[in-house]
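Everything on this sheet refers to the single structure shown next.
The values are calculated or read from the model by the stated rules, or taken from the named source; none is laboratory data. Treat the numbers as computed from the prediction; the structure is a model and nothing was measured. Here the Cβ is made from the backbone with ideal geometry for all residues, glycine too, and neighbour counts use every protein chain on show.
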Amino acid sequence: MTFIEAGPPGALRIAPSILAADFGALANAVREIDAETDWLHVDVMDGHFVPNVSIGPPVVQSLRPYSDRFFDCHLMMTDPGRYLEAFKNAGADGCTVHVEIGGTASLINDARALGLRVGLAANPDTPFEKVAPFLGDIDLLLLMTVFPGFGGQSFMSDVMGKVSEARREVDTNSLGVDIEVDGGIDIVTAPVAVEAGANVLVAGSAIFSRPEPLLAAHALREAALAGRR
C-alpha cells in the first residue's frame with residue numbers, strides 16, 4: 001500500500017475529525033469538505049482508555065478509497081500496539097498513541113517499523129515533561145484541549161501554556177515535529193491555538209455540525225491564519 005505524505009512539518013493544517021460526521025453518509029461527508037482538508041482525523045476509542053467506543057480498521061479501510069488525504073489516526077486505546085499493523089493495512093498514514101498508557105518507546109519503535117508516521121498524545125492534565133523525552137523520536141505531538149472520549153466539549157485554554165512550551169522546544173532544537181490540538185477548536189479558539197504554537201487543528205463539530213461544512217472549514221482556516229499574522 002502506498003502511504004500519503006504528511007507534508008512539511010510546521011505548515012498550517014486543518015484536520016476535520018470524522019467523529020462528528022454522519023456515519024451513515026461518511027464518504028459523502030468527507031468528499032464535501034475535501035477542498036478545505038489537509039489531513040483527515042480519525043478518532044479511535046476503545047471504551048476502556050476513554051468512556052466511549054467509536055470505529056476501527058474496517059471503517060478506515062472502507063473510507064480510504066474515497067479520500068487521498070493523509071489519514072491521521074488518534075488511537076485512544078489502552079493497548080494500541082495490538083492494532084497498529086491492522087490500521088496500517090487498512091490505510092492509516094499516521095497513528096498517535098497516548099503517553100499515559102506507558103510503553104511509549106516500544107510503541108514508537110513499532111509504529112516506525114511499520115512505516116507509519118508516529119504521533120504521541122497527552123491529555124490536558126498530563127505535564128509537558130511526560131512527552132518531552134520523546135520529541136526527538138516522533139513526528140507529531142497531539143496536545144488534547146479537552147479530555148478525550150466525546151466530541152463537542154469546550155476548549156480548555158489552560159493547555160495553551162503547554163502548547164507554547166512544546167513549540168519553544170521544537171523550534172529551539174529544530175525538530176521536525178508538528179504540534180496538533182484537538183478539542184473545542186472553532187473560529188474563536190483556532191487563532192488562540194495557532195498563536196500559542198499549534199499548526200495542526202482538529203475540528204469536528206465546528207465543521208461537520210454546520211449547515212455548510214465546506215464553508216465552515218474555510219472559515220476555520222481563515223481564523224487560524226489570523227493567529228499567524
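Number of residues in the stretch 102-125 that are surrounded by fewer than 17 Cβ atoms within 10 Å (Cβ to Cβ) and farther than 30 Å from PRO65 by Cα: the value is 6.
Criterion applied to VAL194, VAL181, VAL163 was being hydrophobic (A, V, I, L, M, F, W, C) and either at pLDDT below 95 or farther than 20 Å from VAL118 by Cβ (or both), and the one residue passing it is VAL194. Annotation: SER154 fulfils all but one of (1) among the small types (Gly, Ala, Ser); (2) surrounded by 15 or more Cβ atoms within 10 Å (Cβ to Cβ); (3) more than 24 Å from GLU5 (Cα to Cα); the unmet one is (2). Annotation note: of ASP72, ASP68, ASP38, the sole residue that is more than 24 Å from ASN123 (Cβ to Cβ) and in contact with a strand residue (DSSP E or B) (Cβ under 6 Å, 6 or more places away or on another chain) is ASP38.
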